[in-house]
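Since every read-out is calculated from the coordinates, none of them should be taken as a lab result. Keep in mind that what you see is a predicted model, and the values were worked out from it rather than measured. A quick note on method: Cβ atoms are made from the backbone with ideal geometry, for glycine too, and the neighbour counts reach across all protein chains shown.
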Amino acid sequence: MQIVILNGSPRWKGNTRIALNQIISGISKNIPSTGFEFIDVAHLHLMGCTNCEACKTNGGVCIHEDDSADLMEKIAAGDLIIFGTPVYWWGISAQLKLAIDKFYSRTELFQTQHKRVGLVVIGASSVQDFEYQLICEQFECICEYLGWVIIFEESISAFAEGEVSENAKVMERLGELWTML
Ligand SMILES: Cc1cc2nc3c(=O)[nH]c(=O)nc-3n(C[C@H](O)[C@H](O)[C@H](O)COP(=O)(O)O)c2cc1C
């Protein structure tokens, strides 16, 4: 099984990165044959989709000279895609959104691929607040459109850089997500 992890946080020691690494650690200990591709989408060179439709007539290649073609190849190769995002203004990070918008270039391929999806959302607010629900619903719509199946959605509250690692209960839960695979 190949897992592609998209980290939407720009922080090098951020909560999203720590949470995603904890999930990877649980999977690699318990399912050692798994392959991982960890992608820091916030540190890629990605230009915004301009809806030029060139990708619809050229075999699914974004004409921008950025990292999207390589990113789409990696996503196409994944059986499970794990999205991680900080909450920015009640939504996903702009950096992750840029990457997801580029899915437009491969929509038809992705709709044939029946991938599984995991989602990790981390914001400063309590997990009872509305932003987590908004983001989960956005991913539920995206996955329904693509025919992908969500196998876990984790909402986590943490504010300062690295703070999530002090929450033993959350870290334990993340380390056990391999059981959902
Ligand atoms: C631009 C910006 C907007 C934010 N908006 C929200 C928000 O709407 N709701 C919230 O709960 N936290 C918000 N936060 C806080 C972050 O989600 C929080 O600090 C999170 O832990 C960052 O994750 P990271 O360390 O993985 O980058 C915002 C932070 C930034 C920088």
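Rounded to the nearest 5, the antiparallel percentage of DSSP beta bridges internal to region 2-180 is 5%. Is the shape of region 1-99 rounded, prolate or oblate, going by the alpha carbon gyration tensor and its root eigenvalues a ≥ b ≥ c, with a/c under 1.5 for rounded and a/b larger than b/c for prolate? The shape class here is oblate. Given the C-alpha centroids of region 35-94 and region 104-181, what is the distance between them in whole angstrom? So the separation of the two Cα centres works out to 17 Å. Applying the Karplus relation 6.51 cos²θ - 1.76 cosθ + 1.60 with θ = phi - 60° to region 111-118 yields 3J(HN,Hα) values of 5, 9, 9, 6, 7, 9, 9, x Hz, where x marks Gly and Pro. The convex hull defined by the C-alpha atoms of the chain has an orientation-averaged projected area of 9.8 nm². Within region 52-89, list the residues whose amide N lies under 14 Å from a label point set 7 Å along Cα→Cβ of Arg11. Output list for this probe position: 85-89.
For region 2-180, the tally of Lys pairs with Cα-Cα distances below 27 Å comes to 17, considering only residues 8 or more apart or on different chains.
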